[in-house]
1. Tell me, yes or no, whether the stretch 368-381 has at least one residue that is modelled with pLDDT under 75, open to solvent by less than 100 Å² (accessible area, probe 1.4 Å) and not acidic (Asp, Glu).
2. If we only count helices (runs of 4 or more DSSP H) wholly inside the stretch 218-334, which ones have 1 or more residues that are out of contact with any Lys or Arg (no Cβ under 8 Å at 6 or more places or on another chain) and within 20 Å of Leu86 (Cβ to Cβ)?
3. Looking only at the stretch 73-130, count every residue that is closer than 30 Å to Leu278 by Cα and among the polar types (S, T, N, Q) and tell me the total.
4. Looking at the stretch 113-132, which of the residues that are open to solvent by less than 90 Å² (accessible area, probe 1.4 Å) and in contact (Cβ under 8 Å) with a residue 12 or more places away in the chain is farthest from Phe210 (Cα to Cα)?
5. Which of the residues belonging to the stretch 216-246 are touching a Leu at 6+ places or on another chain (Cβ under 7 Å) and within 30 Å of Leu113 (Cβ to Cβ)?
Amino acid sequence: MTTRRRTTARGAQMPKLTRSPARGARLHAHRLPERHLRAEDAGDGVPRWMVKAGGWSWRLLLVIAVVSLFVWATARIQLVFTAVFLALVFSSVLRPFVNLMDRVMPRPLATALSILSGFLVVSGLITYVVASVTGQWSTLSDRFSDGLNDLFDLAQHLPFGISITTTQLSEWADTALGWVQQNQGELLNRAAEGAGSVFETFAILALAIFCTVFFLARGNEMWRWFINQLPARLREKWMIAGGVSWYTFSGYARGTVIIAFVDGVLAFIVLMVAGVPLAAPLAVLVFIGAFIPLVGAPAAMIIAMIVALAVNGPLNAVIVGIFIALIGQFEGHVLQPMVMGKQVSLHPVVVALAVTSGTLVAGILGAIIVIPIVAVIWSVYARLRTVDPPMKADEVVTTP
């Protein structure tokens, strides 16, 4: 009776107990064997590590294919891509002035005045450089010839018994002249290509200015229209990514312009004090070189040193080189952290690898545009990712 009442109280849906001959009735929980988690193969003879490596491999190949397609498409429309990039640079530099004038006048008028002011500043700078070169060219030619003669004299009396004779210099000059005569057809073709690139340059500038007008006047409306074309669930992330991208890109562009301007002014002061001719054009060269990471500034410094060496002698060239190197150190350790802050925080190794890759892909243009692109990609990734708590220094195992 007791067993029957217990069964009735528990109900008729009780699971059937499995009886063991040696033990009493027990309810055994059925679960998958844990050894399948430790199996070295996936059941078909393929090692589990190879399955994981295969999964990562096809995903990596897909990413590489997408990046390669983007690079190929960009190369096919390089003119358009360059124009849009320049338009974004112009917009980031002029936008603060447009926003300031927008308070007292209509925005289209503020946009027109800002673009006109920028055009006048650049034109005036180029006119001043051309006038300086024209006024000092004859004097510089005479001094440069004297400097070359001095260099030839120094080459004939080098230390450690090394000397370069006039006969050797004549042979080198004849060899260079012969190479030019043998390759004059190729040189003419390259000159024709250069003439064609002049028209492409004007086309790029015209398209860039055209896009800049709309970016400055109606940039917010254009961005709002783009966001409204996306599904509602994706708009928030796109707005966050767009805000971070513009903050990083505009900060890099404005910071680069400010740093380049300061470098040019300091180089002009150094060259003027050192008595180097054409100080203004060389300072403009330093200004332009500041836009090319790692390569531009040293190249401009070498050119300035060569001019100082040919005109004023080795001691003056060494002084100019030391002061321009100090300007570079001042830029790297003071100006960039102060102007850009953490907007563009890339490791020097990343910068070097990116500049090299950009140069191999698209030449000087690739070296110029690759850093802001990498900075934007990293800033968006850093903003949207979820970061785990960092490990402590004593928890990191280092190898000797």
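The values are calculated or read from the model by the stated rules, or taken from the named source; none is laboratory data. Here the structure is a predicted model, which is why all the values come from computation and not from measurement. Positions of Cβ are generated from backbone atoms using ideal geometry, with glycine treated the same way; all protein chains shown enter the neighbour counts. Just the protein is used for accessible areas: all its heavy atoms, side chains included, with ligands, DNA and RNA removed. Shrake-Rupley method; radii C 1.70, N 1.55, O 1.52, S 1.80 Å.
1. Checked the stretch 368-381: no residue is modelled with pLDDT under 75, open to solvent by less than 100 Å² (accessible area, probe 1.4 Å) and not acidic (Asp, Glu).
2. 232-274, 279-289, 296-312
3. 3
4. Ser132
5. The one that is touching a Leu at 6+ places or on another chain (Cβ under 7 Å) and within 30 Å of Leu113 (Cβ to Cβ): Leu216.
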